[in-house]
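Accompanying notes for the structure given below.
The values are calculated or read from the model by the stated rules, or taken from the named source; none is laboratory data. Computed from a predicted structure; not experimentally measured. Cβ placement follows ideal geometry from the backbone for every residue including glycine, while neighbour counts extend to all protein chains displayed.
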């Protein structure tokens, strides 16, 4: 027969049911945060065609003064994109 797990005050739940719930939970966790939008090279090509070179120049000049800027930028990218959804809120929020 099916093995059962005792839950406090709730009766028994089958191991199969517990595994199914766990699998669905992990499936939901992996699929829920996926976004339909993608980063696009040249996004500012029409509105600010020099955006790429401006950003590159600023980052290069800061990198030449302080090499730890790469870790700071990576940290900022992580906290902006993976936590709040790549909306540049870290740059515009006071």
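The number of residues in region 56-89 being within 19 Å of residue 44 (Cα to Cα) and either modelled with pLDDT under 65 or assigned to a loop (DSSP other than H, G, I, E, B) (or both) comes to 5. The residue of region 1-55 that is modelled with the highest pLDDT, among those that are part of a strand (DSSP E or B) and surrounded by 10 or more Cβ atoms within 10 Å (Cβ to Cβ), is 14.
State which residue pairs qualify: first residue on the phi > 0 side of the Ramachandran plot and inside region 67-94, second residue assigned to a loop (DSSP other than H, G, I, E, B) and modelled with pLDDT of 65 or more in any location, beta carbons under 9 Å apart, and separation of 6 or more residues or different chains. Hits for this filter: zero, empty list.
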